[in-house]
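The structure appears below as structure tokens.
Every read-out reported here was derived from the displayed coordinates using simple, explicitly stated rules and does not represent laboratory data. The model shown is predicted, which means the values in this text are computed figures rather than measured ones. Cβ sites come from the backbone with ideal geometry, for glycine too, and all protein chains shown count toward neighbours.
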Amino acid sequence: MANTIRILQFTGLSSFIFIVFASVNLSAQSITYTGNLQFSTGDYFFTERTESVYFTNGLSLSGSRARISFSLPYVIQSSPLISYGTLGGIPTGGTGHKQVGQNSGGRGNQSPNNSGNDHGRVEIADTVSYRKTSFSDPSVYGSFKIYSSKNSTTSLTLNTSVKIPFAEPSSGFGTGEWDFGSGLSLFQRYRSIFMFGDVMFWRMGDMADLDLGNPVNLSIGAGKALNNGKWMISTSATGSTKIIDSAEPPASLNIGLGYFKSSSTSMNGTLSIGLSESSPDFSAGIGWSLQL
């Protein structure tokens, strides 16, 4: 436990130092407002279905090689079973995370598992004593382009992210702990076709009665620009190693459509299908970006 705490502290310090380093290296600065509205639905591995609406607002400061951004999500949710974070919705059980811990053989397994499993599903006894709407945990994200080809067809970017614990588990919207992530992303373009890949390593803060895994998150995809770059379509697959010990790791297939009204204004839409019990069955969202 002590080693884990030291690693978390080191990872958090490294992330903070990187974000500060990125921010002081911003040249030709521009400020951008971003927004996102997303709906998701699924029963995950619970007996009760959860429908979630996430409304996220953010600001970013960008330069030629670096970017730092801050985002704050507001959540409307039909149950307290899903905790929202930088990885999206995580089926922790929220206010009933001890029962998920019992099912996982985690720290919540002091007493027999009487969670009422139905064909491997977990039934959370109390799903009414929570707020249905609330702000969730804000996040700070930093990126620094460590390589870019002369014609910008190839780039390699170092990324880091910190989730700040704002929402308590008792509210049904957060884990109550810090999360830290760092990784690399690769972009390759050939004429109007582009490919991208992203790998991110996460140190997740454990809940009181549920140990969360430290996943490696992977995303790969491809897309094509249309109408001289005004429109863009893309498809991708995302997945990670286990977060909840007793559950399949998250995985999904995604399709996106983007529209660039100008160099400073854009909109996008996404559809996602979950491939595992740790992902929502279906998600749909719209986003927008406006340079201030």
Inset, instruction - For the range 90-101, just list the computed ³J(HN,Hα) in residue order, Karplus coefficients 6.51, -1.76 and 1.60, θ = phi - 60°, integers in Hz, with x standing in for Gly and Pro. - result: 10, x, 7, x, x, 5, x, 5, 4, 5, 5, x
Legend entry - Difference of contour (0.36 nm per residue) and Cα-Cα distance, Ile164 to Lys230: 20.2 nm
Inset, instruction - Mind jotting down the distance between the C-alpha centroids of the range 238-292 and the range 27-93, whole Å? - result: 10
Legend entry - Ranked Ser278, Ser64, Ser236, criterion: other C-beta atoms within 10 Å, fewest first: Ser64, Ser236, Ser278
Legend entry - Partners for Lys261 among lysines (Cα-Cα distance below 27 Å; same-chain residues under 8 apart left out): Lys145, Lys150, Lys224, Lys230
Legend entry - Candidate aspartates and glutamates - alpha carbon under 13 Å from Lys98, same-chain residues fewer than 8 apart omitted: Glu123, Asp126, Asp206, Asp209, Asp211
Inset, instruction - Just subtract the alpha-carbon distance of Ser192 and Phe282 from 0.36 nm times their residue separation and send over the number in nm, one decimal. - result: 29.5 nm
Inset, instruction - Using 0.36 nm per residue of separation minus the Cα-Cα distance, give me the extension gain between Phe70 and Ile273 in nm, one decimal. - result: 70.4 nm
Legend entry - In nm, spacing of pseudo-spin labels at Val53 and Leu156 (7 Å Cα→C-beta vector): 4.4
Inset, instruction - List Tyr33, Tyr190, Tyr44 from most exposed to least, where exposure is judged by having the fewest other Cβ atoms within 10 Å. - result: Tyr190, Tyr33, Tyr44
